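Here the structure comes first, spelled out in structure tokens, and everything after it is commentary.
The values are calculated or read from the model by the stated rules, or taken from the named source; none is laboratory data. Not measured: the values here are computed from a predicted model. Positions of Cβ are backbone-derived with ideal geometry, glycine not excepted, and every protein chain shown enters the neighbour counts. All accessible areas refer to the heavy atoms of the entire protein, side chains included, with ligands and DNA or RNA removed. Shrake-Rupley method; radii C 1.70, N 1.55, O 1.52, S 1.80 Å.
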Amino acid sequence: MIPKRKKYQCIALLMAMEGEAKPLIAHYNLKKIAFHNPIEVYANTDKSLLLLLNGKDKRHQVDNIGTQAATLNAFVAISQYQPDLIINCGTAGGFSSKGAAIADVYIAHKKVCFHDRRIDLPGGFPDYALGNYPVIASDYLASKFKLKQGIISSSDALDYTPKDMLIMQANDVSVKEMEAAAIAWVCQQYNQDFTAIKAITDIVDGKHATATEFLENFQLASEALKTKVVAIVDELKMKNEV
Ligand code: ADE
């Protein structure tokens, strides 16, 4: 029998793009409660559900996509709000060779890792670079809410190099995105429970240009993401809102 998940008093959703977060902010009627430049913090009334957005780049006025802001976001979440579960939610590329299709929603399975960090030095550096950070057990949630399970890998690029691809293949990666491993590293450092939920906007090993496919499917995937994240949050959160 698959064991039931434990319940969490305070869950923080960490997200990179405003467009990905909007359906969740609307669903839970979250209000903006703080700004830790550039991180934007939204919460429900009793602050048992937080949503922290990476915010905008000061110079380019675009969403702060990628691992730098994700790391900062995780540090703000943990140091300022002490949630007991962090969920990194967002959109991602999926591998059709691993069964991914557009608008599928994945939950992190076994570990999250990096595919663009290579430190070929003696000692622990090669493994340190890959990350391989822990995630909470995914079997119960995946089976209850019909999520796909897969290894999620992060880099700071929407595209990939041939070496990146070899590393993703060697790591049995199903989902490629730009934040999960950075957040997972902070969570590992602070013994913080972590998982990631990712909706597929584009097929990494498909024939379409990534940016075009990403933009075409962004809305659809963000809605699919919301539906599954709501189901998971409602399952895992203690019902403590007044
Ligand atoms: N986000 C959405 N699609 C992505 C991809 N193919 N690579 C990295 N991040 C993504």
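Annotations for the structure displayed:
- Only a single criterion out of (1) open to solvent by less than 30 Å² (accessible area, probe 1.4 Å); (2) within 16 Å of the ligand (Cβ to nearest atom); (3) touching a strand residue (DSSP E or B) at 6+ places or on another chain (Cβ under 7 Å) is not satisfied by G66, namely (3).
- Scanning the stretch 178-203 for residues that are more than 17 Å from the chain's Cα centre (by Cα) and within 9 Å of the ligand (Cβ to nearest atom) yields one hit, I203.
- Of residues in the stretch 71-115 being in a helix (DSSP H, G or I) and small (G, A, S), the one nearest to the ligand (Cβ to nearest atom): S96
- Inside the stretch 174-218, residues that are touching a residue at least 24 places away in the same chain (Cβ under 8 Å), open to solvent by 60 Å² or more (accessible area, probe 1.4 Å) and part of a helix (DSSP H, G or I) make up a count of 2.
- Qualifying residue in the stretch 16-27 (condition: of a type outside the set (D, E), part of a strand (DSSP E or B) and at pLDDT 95 or above): no
- F75 vs. criteria more than 30 Å from L220 (Cβ to Cβ), open to solvent by 50 Å² or more (accessible area, probe 1.4 Å) and free of Cβ contacts under 8 Å to residues at least 60 places away in the same chain: no
- Unmet requirement for K144, which otherwise passes all of (1) more than 10 Å from the ligand (Cβ to nearest atom); (2) part of a loop (DSSP other than H, G, I, E, B); (3) surrounded by fewer than 15 Cβ atoms within 10 Å (Cβ to Cβ): (2)
- Qualifying residue in the stretch 115-131 (condition: touching a residue at least 60 places away in the same chain (Cβ under 8 Å) and either open to solvent by 30 Å² or more (accessible area, probe 1.4 Å) or of a type outside the set (A, V, I, L, M) (or both)): yes
- Number of the exception - P162 against (1) under 20 Å from S97 (Cβ atoms); (2) free of Cβ contacts under 8 Å to residues at least 40 places away in the same chain; (3) under 18 Å from the mean Cα position of the chain (by Cα): (3)
- Top-ranked residue of the stretch 29-53 - restricted to ones that are touching a residue at least 40 places away in the same chain (Cβ under 8 Å) and in a loop (DSSP other than H, G, I, E, B), ranked as farthest from F194 (Cα to Cα): T45
Listed here are the residues, each with its yes/no results for (1) surrounded by fewer than 22 Cβ atoms within 10 Å (Cβ to Cβ); (2) more than 21 Å from K226 (Cβ to Cβ); (3) touching a Ser or Thr at 6+ places or on another chain (Cβ under 6 Å).
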position: A16; (1), (2), (3): no, no, no
position: P23; (1), (2), (3): yes, no, yes
position: Y28; (1), (2), (3): yes, no, no
position: A34; (1), (2), (3): yes, yes, no
position: L51; (1), (2), (3): no, no, no
position: G55; (1), (2), (3): yes, no, no
position: S79; (1), (2), (3): yes, yes, no
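- Subset tally (residues that are touching a residue at least 60 places away in the same chain (Cβ under 8 Å) and open to solvent by 20 Å² or more (accessible area, probe 1.4 Å)) for the stretch 132-141: 5
- Residue count for the stretch 147-163, restricted to those that are among the charged types (D, E, K, R), within 10 Å of the ligand (Cβ to nearest atom) and open to solvent by less than 90 Å² (accessible area, probe 1.4 Å): 1
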